[in-house]
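Take a look at the structure set out below.
The values are calculated or read from the model by the stated rules, or taken from the named source; none is laboratory data. Bear in mind that the values here come from a model prediction, so they are computed numbers and not experimental data. Every residue, glycine among them, receives a Cβ derived from its backbone with ideal geometry; neighbour counts consider all protein chains shown.
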Amino acid sequence: MELHIRLEGRKGLADQLYQQLRAGIDSGHLAAGTQLPPTRLLAEQLGVSRKTVAEAYSRLTYDNLLSGVVGRGTFITPRLPIRAPQADTVPLAAATTLERWSQRATVLGQRALDAPSRYDFVGGASSKAQFPYDQWRSCLNHALRRSQRHTERQFSAQGLPELREAIAHHIAFARGVQCSPADVLVCNGAQQALDLIARVLVEPGCKVAMEDPGYPPARQLFLALGAQLQSVPVDEHGLCVEQIEDGTRLIYVTPSHQFPLGMPMAETRRQALLDRAAALGALIIEDDYDCEFRYQGPAAEALQRLDRHGLVAYVGTFSKTLLSELRLGYAVLPPAVLQAACVAKHLTDWHSPSLQQWALARFIGEGHLNKHIRRCHEVYSARRERILTRLDGDLAPWFDAVSASAGFHLSALAKPGVDVELLISLARKVEVGLYSLAPFFSEAPVKPGLLLGFGAIELLDIDPALDRVRDTLQRLS
């Protein structure tokens with residue numbers, strides 16, 4: 001790669017070269033540690049004498065901006081860059097719109113930036129120790145070989161046929177979802193699935209209903225698109241369907257494992273929701289984010305399986321089942337929505353990464369996904385039981401566990417007198433990461449409590465962590 005230098009005329013060439021190199025170093029455009037071309041090579045590139053380049057390098061070395069390493073070359077010396085003063089900027093006409101988007105940051109987005117504690121009960125994080133890296137590596141190698149043989153340059157926005165077929169078979173087996181590969185849209189995680197569905201359905205001012213408490217990124221997405229958002233309360237049976245307003249166009253729910261509280265939606269409430277959606281002509285987004293892990297009782301059927309009118313969009317993800325870094329999810333969409341969502345997907349990013357799609361199709365087809373789920377189910381079940389035992393035991397004076405039979409997080413409601421926010425702050429000082437339920441409430445009265453994720457904490461770490469929580473609570477009491 002050539003160094004970008006522009007010399008004018010034939011006079012003062014060494015000084016011109018010196019000034020341009022110095023400006024690049026001071027501004028940070030030429031980063032510390034960058035190796036400069038040898039004097040002979042740069043002289044040939046610029047069409048000047050080697051003496052000219054050597055003189056400029058010598059002056060920069062005298063200024064302590066360059067340093068030579070015997071046998072290796074000349075490098076830019078590490079130093080703090082001196083930023084040039086920024087010119088006066090013109091206010092953008094879209095400044096108000098940009099400000100609204102800037103304020104859409106969610107508690108989950110901020111949480112991802114925080115340094116993890118030694119003992120971390122973060123929700124939504126899976127166990128990396130259980131992931132079959134060797135099998136995934138083999139599937140990636142298969143995908144690379146497929147790429148070598150693949151002659152077409154274009155891929156369908158809907159996703160590779162073999163992955164859509166693998167997904168359709170998997171969710172039919174694991175969740176009872178009724179679909180064919182033609183109904184599946186492959187996305188970059190469940191969040192993009194929500195975005196695509198909302199993008200083709202939501203217009204400024206239209207009514208969208210969702211659970212309260214609920215999933216903050218979904219809430220912020222609907223608001224960003226200009227929706228008139230209705231926060232519908234939940235009780236021990238799930239969404240209070242009778243409170244969904246007339247004129248609602250879209251309903252977002254987590255019926256199998258309500259986020260964040262955890263209880264499943266009752267069967268009678270599910271049918272009532274489908275009937276209400278049919279009366280409104282509203283689409284239901286069923287976010288089934290972690291329900292492949294179930295620990296007691298018969299598995300609740302997906303809401304989509306009960307749908308007889310093409311009103312349910314079923315959304316799932318592999319980011320929680322496998323790895324968060326995978327960023328692959330899917331949506332099973334009614335025909336009325338699928339074509340529009342595929343167009344929106346194409347305009348957004350053309351298609352999800354084909355290499356990862358080939359690898360995941362192979363991973364599912366060879367049975368690795370089901371084996372991984374069975375392994376994780378055993379691990380998560382033991383962690384869940386340990387947390388419940390402690391909540392029912394020495395932590396019972398302060399917390400009540402919310403009944404939940406799926407997923408890999410639990411919610412615990414605080415009893416009167418417990419200052420949850422102070423507990424979280426003090427727990428952080430003893431290296432325990434706890435997380436409040438409060439940010440998930442919008443208009444409904446906040447129920448103080450904790451969201452206890454057990455996907456990322458090892459079984460042997462749970463007791464030492466909860467011992468520190470108990471001791472902190474005793475001091476507060």
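One line per residue, one yes/no per condition, for (1) modelled with pLDDT of 95 or more; (2) out of contact with any Phe, Trp or Tyr (no Cβ under 8 Å at 6 or more places or on another chain); (3) at negative phi; (4) surrounded by 13 or more Cβ atoms within 10 Å (Cβ to Cβ):
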site: W101; (1), (2), (3), (4): no, yes, yes, no
site: A115; (1), (2), (3), (4): no, yes, yes, no
site: S138; (1), (2), (3), (4): yes, yes, yes, yes
site: N141; (1), (2), (3), (4): yes, yes, yes, no
site: A157; (1), (2), (3), (4): yes, no, yes, yes
site: A172; (1), (2), (3), (4): no, yes, yes, yes
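Out of (1) surrounded by fewer than 22 Cβ atoms within 10 Å (Cβ to Cβ); (2) more than 22 Å from G124 (Cβ to Cβ), what's the single condition that is false for L163?
Of everything listed in (1) surrounded by fewer than 22 Cβ atoms within 10 Å (Cβ to Cβ); (2) more than 22 Å from G124 (Cβ to Cβ), L163 misses just condition (1).
Please list, ordered by first then second residue, the pairs with beta carbon atoms under 6 Å, 6 or more apart or interchain, first in the range 243-264 and closer than 9 Å to M210 by Cα and assigned by TED's automatic domain parsing to the domain that holds R219, second among the small types (G, A, S) and part of a loop (DSSP other than H, G, I, E, B).
From residues that are closer than 9 Å to M210 by Cα and assigned by TED's automatic domain parsing to the domain that holds R219, the pairs are I251/A282.
Considering each of K415, K345 in turn, give the residue that is within 21 Å of D287 (Cα to Cα) and at pLDDT 95 or above. Break it down into steps so the answer makes sense when it comes.
On the way: K415 fails: within 21 Å of D287 (Cα to Cα).
Exactly one residue qualifies, and that residue is K345.
What about H368, is it touching a strand residue (DSSP E or B) at 6+ places or on another chain (Cβ under 9 Å) and either farther than 15 Å from L185 by Cβ or exposed (fewer than 14 other Cβ atoms within 10 Å of the Cβ) (or both)?
no
Identify the residue in the range 48-77 that is β-branched (V, I, T) and loosely packed, with under 14 Cβ neighbours inside 10 Å and, among all such residues, is nearest to the chain's Cα centre (by Cα).
Our first condition is that a residue be β-branched (V, I, T); within the range 48-77, this holds for 48, 52-53, 61, 69-70, 74, 76-77.
Going one step further and asking which of them are loosely packed, with under 14 Cβ neighbours inside 10 Å, we end up with 69-70.
Values: V69: 44, V70: 47 Å.
Per the criteria, the residue is V69.
Among the residues of the range 188-204, are any over 25 Å from the mean Cα position of the chain (by Cα), charged (D, E, K, R) and over 22 Å from F293 (Cα atoms)? Even if it seems obvious, please write down each step before you answer.
Here is the first cut: in the range 188-204, the residues over 25 Å from the mean Cα position of the chain (by Cα) are 204.
Restricting the remaining residues to those that are charged (D, E, K, R) gives none.
No.
Mind checking which residues of the range 8-36 are within 47 Å of the chain's Cα centre (by Cα), assigned to a helix (DSSP H, G or I) and not aliphatic (A, V, I, L, M)?
Y18, Q19, Q20, R22, G24, D26, S27, listed by residue number.
Which ones in the range 21-36 are surrounded by 13 or more Cβ atoms within 10 Å (Cβ to Cβ), out of contact with any Asp or Glu (no Cβ under 8 Å at 6 or more places or on another chain) and closer than 17 Å to R6 by Cα?
First pass over the range 21-36, keeping only residues surrounded by 13 or more Cβ atoms within 10 Å (Cβ to Cβ): 21-26, 28, 30, 32, 34, 36.
Those still in the list that are out of contact with any Asp or Glu (no Cβ under 8 Å at 6 or more places or on another chain) too: 21, 23-26, 28, 30, 32, 34, 36.
L21, A23, G24, I25, L30, L36 - these are the residues of the range 21-36 that are surrounded by 13 or more Cβ atoms within 10 Å (Cβ to Cβ), out of contact with any Asp or Glu (no Cβ under 8 Å at 6 or more places or on another chain) and closer than 17 Å to R6 by Cα.
Conditions first: (1) within 17 Å of L194 (Cβ to Cβ); (2) modelled with pLDDT under 95; (3) acidic (D, E). D287 passes all but one, so which condition is the exception?
The one condition D287 does not meet is (2).
Could you figure out which of (1) within 25 Å of F454 (Cα to Cα); (2) surrounded by fewer than 24 Cβ atoms within 10 Å (Cβ to Cβ); (3) hydroxyl-bearing (S, T, Y) isn't true of Y330?
(2)
It is to be established whether one or more residues within the range 162-169 are on the phi > 0 side of the Ramachandran plot, within 24 Å of the chain's Cα centre (by Cα) and of a type outside the set (S, T, N, Q). I'd like the intermediate steps shown before the answer.
Going residue by residue through the range 162-169, those that are on the phi > 0 side of the Ramachandran plot are none.
The answer is no, given that none of the residues of the range 162-169 is on the phi > 0 side of the Ramachandran plot, within 24 Å of the chain's Cα centre (by Cα) and of a type outside the set (S, T, N, Q).
Is it the case that some residue within the range 143-152 is farther than 24 Å from F440 by Cβ and in a strand (DSSP E or B)? Outline the logic, then answer.
The first filter runs over the range 143-152 and keeps only residues farther than 24 Å from F440 by Cβ, leaving 143-152.
From what's left, in a strand (DSSP E or B): none.
Checking the range 143-152: not a single residue is farther than 24 Å from F440 by Cβ and in a strand (DSSP E or B).
Kindly evaluate Q35 against the criterion of being within 14 Å of L66 (Cβ to Cβ) and either free of Cβ contacts under 8 Å to residues at least 12 places away in the same chain or touching a Ser or Thr at 6+ places or on another chain (Cβ under 8 Å) (or both). Reasoning before the result, please.
Working: within 14 Å of L66 (Cβ to Cβ): yes; either free of Cβ contacts under 8 Å to residues at least 12 places away in the same chain or touching a Ser or Thr at 6+ places or on another chain (Cβ under 8 Å) (or both): yes.
Judged against the criteria, Q35 is a match.
Which of the residues belonging to the range 375-404 are modelled with pLDDT under 95 and assigned to a loop (DSSP other than H, G, I, E, B)?
V402, S403, A404
Starting from residues that are free of Cβ contacts under 8 Å to residues at least 40 places away in the same chain and assigned to a helix (DSSP H, G or I), keep the ones in the range 442-470 and report whichever is farthest from K320 (Cα to Cα).
Residue satisfying both the conditions and the ranking: D467.
Looking only at the range 396-418, decide whether some residue is in contact (Cβ under 8 Å) with a residue 40 or more places away in the chain and of a type in the set (D, E).
No, the range 396-418 contains no residue that is in contact (Cβ under 8 Å) with a residue 40 or more places away in the chain and of a type in the set (D, E).
Please enumerate the residues belonging to the range 419-441 that are in contact (Cβ under 8 Å) with a residue 40 or more places away in the chain, within 28 Å of the chain's Cα centre (by Cα) and surrounded by fewer than 16 Cβ atoms within 10 Å (Cβ to Cβ). Walk me through it before giving the result.
Keep residues of the range 419-441 that are in contact (Cβ under 8 Å) with a residue 40 or more places away in the chain, which gives 419, 422-423, 426-428, 430-435, 437, 439-441.
Imposing the further condition that a residue be within 28 Å of the chain's Cα centre (by Cα) reduces the set to 422-423, 426-428, 430-435, 437, 439-441.
Listed by number, the residues that qualify are L422, R428, V430, E431.
Suppose we filter H351, H372, H346 for residues that are outside any helix (DSSP H, G or I) and not hydrophobic (A, V, I, L, M, F, W, C); which single one remains? Working first, answer last.
Working: H372 fails: outside any helix (DSSP H, G or I); H346 fails: outside any helix (DSSP H, G or I).
Only one candidate passes the filter, namely H351.
Test V379 against the criterion of being within 30 Å of E165 (Cα to Cα) and either touching a residue at least 12 places away in the same chain (Cβ under 8 Å) or not assigned by TED's automatic domain parsing to the domain that holds S231 (or both), and give yes or no.
Numbers: within 30 Å of E165 (Cα to Cα): yes; either touching a residue at least 12 places away in the same chain (Cβ under 8 Å) or not assigned by TED's automatic domain parsing to the domain that holds S231 (or both): yes.
The answer is yes for V379.
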